[in-house]
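The structure appears below as structure tokens.
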Amino acid sequence: MICYWDGSAHYLMYLLMVAAIAWEESYRTMGLYWVGSILMSVAVLLPGTVVGKYGTKLSAAILLNVPYVCLPVCAGFKIYKHPSVSNNLAPKAIQEIQRKGLLRRPLDLMFVIYFIFSTGFCIFRGLIALDCPTELCRQYVQLQEPYLKDPAAYPKLQMLVYMFYCIPYYTFALSGLLFPGYTWMPDLALLHAGGLAQAQFAYIGASLHARTPYIYRVPEEARNAFLVINILFGIMPQLFAYRCVSWPEFFMKTKEHEKDE
């Protein structure tokens, strides 16, 4: 499934970035999204190959993945240094937006609720990946997501990445929605959205794929709930990134913030 994403979504991102360069336009937004996507792919593919059932079949050819790891990191730093698109909104208008409490920003309130639930969901599935022996975890794996027990280790690595890397992001995002002036929030949201899009595409696809052993595929009676939960889990970061990029006023620094610093 990672190869499907590389051959379709990543290829489309490359074309869009090349077109932006040719037209002398900014490709920073798409570039950060691509960096998040490809780094998430690397974080699961390479460790999963080493520690899973394919680990005994490794050869020197795995060294071909070294550029696959290094180039996105170098490209990420280069893309990040590109100037972001400036916002010409008046300082008074920015201050007015930042004075609004969370209850007066229903869209942000929805994202706060999502981040709280996602944190619990990531912890829960991370515990399952760590072989939590409780009855709830065993029932969930058996009835909802048996793919988490696939000996290929990719799903376990994916859940651990969610638990150890996405949960800190959710903490930063919650802070960014509660307190104004976090200028890094749109960039971080783009990186996370790209990573979650790749991860959920691969995870959902592999859970339903015909080449996945039958005992690890999602049961027919649980398929609808599985799709709803996991598609929402993947779509919400895209909506949050769109919100941060399209309406970044709450995350901008004003003169008051600069004086405080």
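Would the stretch 19-30 turn up any residue that is in contact with a Gly (Cβ under 6 Å, 6 or more places away or on another chain) and of a type in the set (A, V, I, L, M)? Checking the stretch 19-30: not a single residue is in contact with a Gly (Cβ under 6 Å, 6 or more places away or on another chain) and of a type in the set (A, V, I, L, M). In the stretch 129-156, the residues that are over 22 Å from VAL228 (Cβ atoms) and of a type in the set (A, V, I, L, M) form Cβ pairs under 8 Å with partners that are modelled with pLDDT under 90 and open to solvent by 80 Å² or more (accessible area, probe 1.4 Å), at six or more places apart or across chains, as follows: ALA152/LYS53; ALA152/TYR54; ALA153/VAL51; ALA153/LYS53.
Note on the stretch 120-219: enclosed helices (runs of 4 or more DSSP H) holding 3 or more residues that are open to solvent by 50 Å² or more (accessible area, probe 1.4 Å) are 135-143, 167-178, 185-208. Residues in the stretch 225-261 that are open to solvent by 100 Å² or more (accessible area, probe 1.4 Å) and at pLDDT 95 or above: TYR242 only. Applying the set (1) surrounded by 17 or more Cβ atoms within 10 Å (Cβ to Cβ); (2) among the hydrophobic types (A, V, I, L, M, F, W, C); (3) under 17 Å from the mean Cα position of the chain (by Cα) to VAL73 leaves exactly one unmet item: (1). For the stretch 130-157, enumerate the residues that are touching a Lys or Arg at 6+ places or on another chain (Cβ under 6 Å) and among the small types (Gly, Ala, Ser). Matches in the stretch 130-157: ALA152 only. Take LEU160 and tell me if it is free of Cβ contacts under 8 Å to residues at least 40 places away in the same chain and touching a Leu at 6+ places or on another chain (Cβ under 9 Å). Judged against the criteria, LEU160 is a match.
Within the stretch 99-119, the set of residues being open to solvent by less than 40 Å² (accessible area, probe 1.4 Å) and either among the hydrophobic types (A, V, I, L, M, F, W, C) or in a helix (DSSP H, G or I) (or both) comprises LEU102, ASP108, PHE111, VAL112, TYR114, PHE115, SER118, THR119.
The values are calculated or read from the model by the stated rules, or taken from the named source; none is laboratory data. This is a predicted model, so every value here is computed, not measured. We place every Cβ from the backbone using ideal geometry, glycine too, and count neighbours over all the protein chains shown. In case anyone asks, the SASA skips ligands and DNA or RNA and just uses the protein heavy atoms, side chains included. Shrake-Rupley method; radii C 1.70, N 1.55, O 1.52, S 1.80 Å.
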